[in-house]
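Take a look at the structure set out below.
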Amino acid sequence: MSLQEYYNYVILPILGISVILVFIRFLKGPSIPDRVIALDMLILIAIGIIAIYSMQNDQSTFLDIAMLFALIAFLGTVAFAYFLIQRSKNDE
Amino acid sequence: MMSEILIMIMMTLGSLFILSTAVAVLTKPDVYMRINITTKTATLGLGLILLSAAIYFQDYSVTTRVVSIILFIFLTAPIGGHMLMRSAYFTKTEKWKGMKIDDLDGQYDPITKELYSEDRKEGISPKTSEENENQ
């Protein structure tokens, strides 16, 4: 089995199933932190998929986008945490 | 040929770790457990996949990019998880029913959200001192 077939038939389906599972949690999540952590997890899986895709197409430029996604994931999580604390302060 | 086998093994391990994380995110009963899971296994799986990309390209520019992404994720995932869990605790998100001991109970100032350290607990923490007076 060549490397190209291995991406298509083994790795990408596993990552796709994990995206679906996390997305179910994103839709179900009873509280806001649940949804935020599911979003964070979705972005992390997207970084993995981008890495696989760059190997598949032999283009290393896609890894820059992966770096950008890592930054956005961190900023989004921190901003949501700050927002949740501020909102609870305003309610009191 | 050797590097192809190495790439296959590392990619498979990484994607299996990510799959296990996704299953845990779906099935764990509590917000705190879910955050705890995502900050550990997902970073390991991602690190393995990115390292396999570095082995595939065998290029200095790609390797530096991969190492910087891995370092960034290893530094920021625990910080983001900690901040999110702290805010979830302050907004009183539901805990799991089987959780018996809550060590942080009464250790936070309710207004300023400041953590009392252990040696300052007796003098300053208002909740415990009031309870002692009542007894």
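Considering A:60, A:31, A:54, A:2, which residue is closer than 22 Å to residue B:39 by Cα and either in contact with a strand residue (DSSP E or B) (Cβ under 6 Å, 6 or more places away or on another chain) or hydroxyl-bearing (Ser, Thr, Tyr) (or both)?
A:31
Out of all the residues in the range A:47-70, which are part of a helix (DSSP H, G or I) and either more than 8 Å from every other protein chain (Cβ to nearest Cβ) or surrounded by fewer than 14 Cβ atoms within 10 Å (Cβ to Cβ) (or both)?
Matches in the range A:47-70: A:49, A:50, A:53, A:56, A:57, A:62, A:64, A:65, A:68, A:69.
Considering only residues that are facing chain B (nearest Cβ under 9 Å) and β-branched (Val, Ile, Thr), look in the range A:71-90 and name the one that is farthest from residue B:81 (Cα to Cα).
Residue satisfying both the conditions and the ranking: A:85.
Look through the range B:62-84, keep the residues that are touching a Ser or Thr at 6+ places or on another chain (Cβ under 9 Å) and more than 7 Å from chain A (Cβ to nearest Cβ), and return whichever of them is nearest to residue A:6 (Cα to Cα). Spell out how you get there, then give the answer.
Initially, the range B:62-84 is screened for residues touching a Ser or Thr at 6+ places or on another chain (Cβ under 9 Å), giving B:62, B:65, B:70, B:73-74, B:76-84.
Now drop any that are not more than 7 Å from chain A (Cβ to nearest Cβ), which leaves B:70, B:74, B:77-79, B:81-82.
Working: B:70: 24, B:74: 28, B:77: 29, B:78: 32, B:79: 35, B:81: 33, B:82: 37 Å.
Within the range B:62-84, the match that is nearest to residue A:6 (Cα to Cα) is B:70.
For residue B:103, indicate whether it is more than 9 Å from chain A (Cβ to nearest Cβ), over 14 Å from residue A:51 (Cα atoms), among the acidic types (Asp, Glu) and in contact (Cβ under 8 Å) with a residue 40 or more places away in the chain.
In short, no.
Name every residue in the range A:58-92 that is within 30 Å of residue B:111 (Cβ to Cβ), over 13 Å from the mean Cα position of the chain (by Cα) and among the β-branched types (Val, Ile, Thr), in order of residue number.
A:78, A:85
Is there a residue being among the β-branched types (Val, Ile, Thr) and surrounded by fewer than 16 Cβ atoms within 10 Å (Cβ to Cβ) anywhere in the range B:44-51?
no
Laboratory data are not the source of any read-out in this text; all were calculated from the coordinates shown. Just so it is clear, the structure is predicted and the values come from calculations on it, not from any experiment. When we count neighbours, we look across all protein chains shown, and the Cβ atoms used for this are built from the backbone with ideal geometry, even at glycine.
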